Amino acid sequence: MMNRSEGLRLRLSGIVARARRALTWESLRATARNWARFLLNPRLLLCLLIAWMITNGWSYVLFGLGMLMKIHWMRVVGGAYMSFLWLPFTPEKVVTVLLAIALMRLLYPRDRRTLGVLRRKLKQISRRPEC
């Protein structure tokens, strides 16, 4: 009969062995290339830019215009929203990415490349067993 520490040691050695097999230079290079190809897609970049302007960009523009034209309320509103964005618990990044995906589906409904990758990743995540 195996005691608790031996079982834990065997489990950890299996995890380390799988990590060594998975973390080769070739696999890391292929993963980086796939992510770069996905993230540097011009359609996705356009949707991310639009989503960022909707969620964040207006505050930077408002703050900059307020500084240039010396309009106090523009500086206050833009600065207050920007300071809110820099707080650690702000869900702004998640909202921006979700909005970008929604814009992708709206603007490019037949885009198989980016939306196909997103669908495959969602299926992989939903199939994973709970730990």
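The values are calculated or read from the model by the stated rules, or taken from the named source; none is laboratory data. The structure displayed is predicted, hence computed values, not measured ones. Using ideal geometry, Cβ is built from the backbone for each residue, glycine included, and neighbour counts are taken over all protein chains shown. The accessibility values were calculated without ligands, DNA or RNA, using every heavy atom of the protein model including side chains. Shrake-Rupley method; radii C 1.70, N 1.55, O 1.52, S 1.80 Å.
Before I look further, what does the chain give for accessible area per residue, probe 1.4 Å, in whole square angstrom?
Averaged over the residues of the chain, the accessible area is 83 Å².
Pick out the long, greasy-scoring helices in the chain: whole DSSP H runs spanning 18 Å or more along their own axis by Cα, mean Kyte-Doolittle at least -0.5.
4-22, 72-85, 92-107
List the relative contact order of the chain as a percent without decimals, with contacts defined as Cα pairs under 8 Å and 6+ residues apart.
24 percent
Add -39500 (n - 2.57) for each DSSP H run of 4 or more in the chain, then divide by its residues: what number comes out at 222 nm, to the nearest 500 deg cm²/dmol?
Taking each H run of at least 4 residues, the total per residue is -25500 deg cm²/dmol.
Going highest first, how would you order 46-57, 100-111, 62-73, 85-96 by mean Cβ packing within 10 Å?
Packing order, densest peptide first, comes out as 46-57, 100-111, 62-73, 85-96.
Label-point separation (nm) for R29 and L65, each offset 7 Å from Cα along Cα-to-Cβ?
Spacing of the two 7 Å Cα→Cβ label points: 4.9 nm.
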